[in-house]
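The values are calculated or read from the model by the stated rules, or taken from the named source; none is laboratory data. Small disclaimer: the values here were computed from a predicted structure and weren't measured. Note that each Cβ is placed from the backbone with ideal geometry, even for glycine, and that neighbours are counted across all protein chains shown.
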Amino acid sequence: MLPRDFKNIMAFGQIGYIVQFPVASEYPSLMSLPEIIEKQIQQINYQLYIHSTDKKRKEDTKSKNKEKEEKEKYILCGTCENKITQPTFKLEINGAFRHTFLNPEGHVFHIGCFQEADGCAVFGEPTSEWSWFKEFTWRNARCNQCLKQLGWYYHSHLDQFFFGLILDSLI
Ligand SMILES: [Zn+2]
């Protein structure tokens, strides 16, 4: 039979599901009760420590994954990582999502067409000068956070609109 105090210690040890005690027979018979208690307290502390660090690690991984998933849902500004648009807003204009154009200064632009780009602010008066899409006027579209030029906002007289965004400026 175990001494009364020892039984109480055993009951205490079973309160938390993470706390497990070796059975009394695993202790050397020469250990005094205070020594056994001391050892068990050490074990409880150790197991609580393991449990809390493990829990923190799992929570950290979970929040990192969530952050990653969240980012994957968006197409970001290549300069400041502002959320610009989403893959679901990709649009085909004249039969293609991606277009390559040359501007009057001789720069080549690869642009993608998007129905919406909430991360863009539109600047300037609409113009049809040098418009890459017939029937559409254009205005400048900049990142609404860092103001970098990300492409153009196109609008037609039939009230169709879309954003043509420079793919190299997005991530
Ligand atoms: Zn930006």
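What the table below lists for this structure:
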{"item": "Residue within segment 103-115 that is surrounded by 12 or more Cβ atoms within 10 Å (Cβ to Cβ), β-branched (Val, Ile, Thr) and more than 16 Å from the ligand (Cβ to nearest atom) present", "result": "yes"}
{"item": "Selection within segment 138-171 - without any contact (Cβ under 8 Å) to a residue 40 or more places away in the chain and within 12 Å of the ligand (Cβ to nearest atom)", "result": "ALA141, ARG142, LEU147, GLN149"}
{"item": "Positions within segment 126-137 being without any contact (Cβ under 8 Å) to a residue 40 or more places away in the chain and out of contact with any Pro (no Cβ under 7 Å at 6 or more places or on another chain), in sequence order", "result": "PRO126, THR127, SER128, GLU129, SER131, TRP132, LYS134, GLU135, PHE136"}
{"item": "Segment 77-97: number of residues that are basic (Lys, Arg) and within 12 Å of the ligand (Cβ to nearest atom)", "result": "1"}
{"item": "Failed criterion for LYS83 (all others in (1) surrounded by fewer than 15 Cβ atoms within 10 Å (Cβ to Cβ); (2) modelled with pLDDT of 85 or more; (3) under 28 Å from TRP152 (Cα atoms); (4) of a type in the set (D, E, K, R) hold)", "result": "(1)"}
